[in-house]
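Worksheet: one structure, shown below.
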Amino acid sequence: MEHIPIIRIGDFLLVSIQVDMYDRLAMTLQDDLTRSIVKYQSKGVLIDITSVDVVDSFIGRMLGNIAAMSRVLDAHTVITGMRPSVAITMVELGLSLTGVMTALNVDLGIKLLHRQTGSWTGADGHDRDQV
Amino acid sequence: MAKITKKSIADILKKHERDILDEWIREQMAAVSKREDLISDAELRRQSTDFLKLLVKIVQEKPESIEARAWDPIRNQLGSLSLSRMAQGFSPGETALFVLSLKQPVFNRLRSEIKGTSLELVESIWEFSLLIDRLALYTTEAYMKGREEVIRRQQQEMVELSTPVVKIWDGVLAIPLIGTLDSARTQIVMETLLQEIVNTGSSIAIIDITGVPTVDTLVAQHLLKTVAAARLMGAECIVSGIRPQIAQTMVHLGVAFGDVVTKATLADAISLAFKKTGFAVTRTQA
């Protein structure tokens, strides 16, 4: 069965979605991800959707669900690299993913997670929350 | 019967073309509504002559409904005449009067030419009247179409003119909005802003609404949508330029921006943006 790879980077997990999501795959991802968070005691999850150019209400809800599940397991979720067209569609669908953090790219996402978990202040000394 | 009348109209028109033209032009010249300030006598004469020549020719050939192919030259002439009169500053009524004033001279001829029953006369007057009315309506329609085209072009220009996204600093964008926000404009604002966020990798966008005349529930909703979309991409939005009057109306209307940061002036927003990105502005001279 098809799986979306989950990459472990230190305390964080990186999921890069590069294929068309369908129900089965999304359920598998939820399953794998929650298991990995518990297994590695991860503090943060990065979901990179740079290569996703079409979303529907299902994918939108799935992203929200993953964030909520991670939250329950004490991990922060950052969604990165959303395209403008995708963002507009999500807003039009009424899915504003409240409570989920977002970042422009994976790099900024990792910095954001570091700040959130208090494990590191940005290399460039910029820390939005502590100024 | 109808055919005979039509034929006789064509004949009468042809026979008296010269007289009708003279009388028509005289009538237009004498009319109260004649706009000497807008059109010269020579031009009026030229337009009238061209029109009558075409009309006589076409009535001769094929007296059908004016949508028919045969009427193309006249419709083209009326179309361009309407447009030029519109540009010259005529009102739609004054433009239609050009065609309508042809009735009187032609009716005069019909009256003197048709010696038969009065029924015949009434019928041919009705026939010709119908034709002229159609042509006048066509003139008005062409006039309106021209107007609409102007409005549409101006709207488009306004949209293009009024949505610049400016880069204020590394990672800070600003979009000064001017004019009323409707859904079509919001869509363009949203698209350009989001695209610019991607292009510059900015994490903060300042939406300045100093130039937005009123903020009602609809405008606020449009703004919130833009903010939500930017947030989804990982950029934070600050709404600035809320004038005192607007603040009051917003509260009276019960419009809320939710948890979006709002600032009174663009300067305040920029200073907050600097703070968030870790920049500081210092004065080097006292």
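The values are calculated or read from the model by the stated rules, or taken from the named source; none is laboratory data. Source: prediction; values computed, not measured. Cβ coordinates were reconstructed from backbone atoms using ideal geometry, including for glycine residues, and neighbour counts include every protein chain displayed.
Observations on the structure shown:
- Residue match in segment A:84-95 (condition: within 12 Å of the chain's Cα centre (by Cα) and buried (at least 16 other Cβ atoms within 10 Å of the Cβ)): no
- Residue satisfying all of: in segment B:92-117; of a type in the set (S, T, N, Q) and modelled with pLDDT of 80 or more; nearest to the chain's Cα centre (by Cα) among these: B:Thr95
- Reported count of residues in segment A:1-33, each being surrounded by 18 or more Cβ atoms within 10 Å (Cβ to Cβ) and not small (Gly, Ala, Ser), is 9.
- Segment B:172-187 - residue that is at pLDDT below 90 and part of a strand (DSSP E or B) and, of those, nearest to the other protein chains (Cβ to nearest Cβ): B:Leu177
- For first residues located in segment B:110-125 and surrounded by 12 or more Cβ atoms within 10 Å (Cβ to Cβ), partners that are in a loop (DSSP other than H, G, I, E, B) and lie 6+ apart or on another chain with Cβ distances below 8 Å form the pairs B:Glu113/B:His16; B:Glu120/B:Ile114; B:Leu121/B:Ile114; B:Glu123/B:Met1; B:Ser124/B:Ile114.
- Any chance B:Ile204 is touching an Asp or Glu at 6+ places or on another chain (Cβ under 6 Å) and within 11 Å of chain A (Cβ to nearest Cβ): yes
- Qualifying residues in segment A:71-83 (those that are more than 9 Å from chain B (Cβ to nearest Cβ) and under 15 Å from A:Ala103 (Cβ atoms)) - the one surrounded by the fewest Cβ atoms within 10 Å (Cβ to Cβ): A:His76
- Elements of type helices (runs of 4 or more DSSP H) in segment B:65-157, at least 1 residues being farther than 19 Å from B:Glu17 by Cα and hydrophobic (A, V, I, L, M, F, W, C): B:72-88, B:92-100
- The listed residues are B:Lys167, B:Lys225, and the only one of them that is of a type in the set (Lys, Arg) and farther than 20 Å from B:Val260 by Cβ turns out to be B:Lys167.
- Count of segment B:205-219 residues which are crowded, with 20+ Cβ neighbours inside 10 Å and assigned to a helix (DSSP H, G or I): 1
- Condition check for B:Ala235: among the hydrophobic types (A, V, I, L, M, F, W, C), within 14 Å of chain A (Cβ to nearest Cβ) and in contact with a strand residue (DSSP E or B) (Cβ under 6 Å, 6 or more places away or on another chain): yes
- Among (1) at pLDDT 90 or above; (2) more than 8 Å from chain B (Cβ to nearest Cβ) - the single one A:Ile59 does not satisfy: (1)
- Strands (runs of 3 or more DSSP E) fully within segment A:12-81 counting 1 or more residues that are within 19 Å of A:Met1 (Cβ to Cβ): A:12-16
- Restricting attention to segment B:250-286, the residues that are surrounded by 13 or more Cβ atoms within 10 Å (Cβ to Cβ), without any contact (Cβ under 8 Å) to a residue 60 or more places away in the chain and either touching a strand residue (DSSP E or B) at 6+ places or on another chain (Cβ under 7 Å) or assigned to a loop (DSSP other than H, G, I, E, B) (or both) total 11.
- Residues located in segment B:210-232, provided they are closer than 29 Å to A:Leu108 by Cβ and either in contact with a strand residue (DSSP E or B) (Cβ under 8 Å, 6 or more places away or on another chain) or charged (D, E, K, R) (or both): B:Leu223, B:Lys225, B:Thr226, B:Val227, B:Ala230, B:Arg231, B:Leu232
- Looking only at segment B:188-201, residues that are more than 8 Å from chain A (Cβ to nearest Cβ) and either surrounded by 14 or more Cβ atoms within 10 Å (Cβ to Cβ) or not polar (S, T, N, Q) (or both) come to 6 in all.
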